[in-house]
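The values are calculated or read from the model by the stated rules, or taken from the named source; none is laboratory data. None of these values were measured; they are calculated from a predicted model. As a convention, Cβ positions derive from the backbone with ideal geometry for all residues, glycine included, and neighbour counts pool all protein chains shown. For the accessible areas, the whole protein counts, side chains as well, though only heavy atoms, and no ligand, DNA or RNA atoms are used. Shrake-Rupley method; radii C 1.70, N 1.55, O 1.52, S 1.80 Å.
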Amino acid sequence: MSPMTENTAPSAPSDTYRLVVTDMDGTLLGEDKQIPESFWPVVTQLLERGVHFAPASGRQYATLADQFSPIADRIPIIAENGNYVVYSGEVVSVTSIDHDVVARLVRAIRDFNDARAAADRTPLSVIVCGATSAYVEFFPARFGIPEAEQQRQFDEASKYYLKLAKVDDVIAAAAADDIVKLAIFDPYDVEEESAPHLRAQSDKLKGVISGKHWLDLIDADTNKGTALRDLQAALGVAKEETVCFVDYLNDLELIDYSGRSFAMDNGHPEIKRRATDIAPPNTAEGVVVTLKRLFGLD
């Protein structure tokens, strides 16, 4: 397979694609983690033509709804790597993790952090992601983690979780919530450092790497692709009528359920190998540029 270059994405007949799905970080968002202003007139034209648009992200639904507030009541939103899906403000599906599984994993992460701290290395942050809110623990005082480092990790998590509570015990705090995901922030390279250990802690969940420092532990049978498949069925849209924009490993299944897939030029090598096309990087507003070409937009 030879993906098309970023300058050879021809326009398609207006009725070829009826659903556009895009990842957020490293894809639609710029370096400032914001949606580019040039996106809004483009998505407005798509919606006016009857083309569905859906963000698909590991981010929390509340965060995505806030980012897309001008159109949130008109679009599907695939949040939490496919574990929480909302359409026009109505919950479509929630894939929950058993609380006993969550408790065992949190305790395993605490043990891992004890070993990290004993080796004078910075521990992981664990965010328990519920349908109502997300919860992150304070580091125990015995770790001696500087307050500035704790705040840095909290600020990093806050980029993705608009509703985020800092608590003493995430197991207790999340007991009454539907848990859809555990997100792990590793200040080191998560793929090399903590991912192999954490993946081995439960056969009920799988570990999906969503960034250099992020690992999501989610239901083994759920991902962005399965959410897209179910959304396509609900909308009456075929795989061949779907185009997606992707950049990282947690987007692989989106490619599987899309007739055409654009990997960002800044994307992970495996994503670029698997996609049908290459789009300009997110720093060059690659999603907007490609949509304009693809749909013949102004």
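Scanning the chain for chymotrypsin sites (Phe, Trp or Tyr not before Pro) that sit in a DSSP loop and have at most 15 other Cβ atoms within 10 Å, the longest stretch containing none of them is 1-137. The aspartates and glutamates whose alpha-carbon is closer than 13 Å to the alpha-carbon of K181, local same-chain residues fewer than 8 away aside, are E80, D98, D216, D219, D221. For the chain, the dipole from Cβ point charges (+1 on Lys and Arg, -1 on Asp and Glu) about the Cα centre works out to 300 debye, to the nearest 20. In this structure, K33 and R142 have a Cβ-Cβ separation that, at R0 = 25 Å, corresponds to a calculated FRET efficiency of about 0.15. Three principal axis extents describe the C-alpha atoms of the stretch 115-224; from largest down they are 38, 30, 23 Å. Here the chain has 47 percent of its accessible surface on carbon and sulfur atoms, given a 1.4 Å probe and all protein chains in place.
Ignoring lysines fewer than eight residues from K33 along the same chain, the ones with Cα atoms less than 19 angstrom from its Cα are K159, K163, K212.
Of the labelled figures (1) -0.47; (2) -0.71; (3) -0.53, only one reflects log10 I(q)/I(0) by the Debye sum over Cα atoms at q = 0.10 Å⁻¹ as derived from the coordinates, namely (3).
With the convex hull of its Cα atoms as the shape, the stretch 140-298 has an orientation-averaged projected area of 12.4 nm².
Protein heavy-atom accessible surface, 1.4 Å probe, per residue over the stretch 159-298: 39 Å². Summing charges over all other residues whose Cβ lies under 9 Å from the Cβ of F245, with Lys and Arg as +1 and Asp and Glu as -1, gives -3. For the chain, the share of DSSP beta bridges that are antiparallel, to the nearest 5, is 55%.
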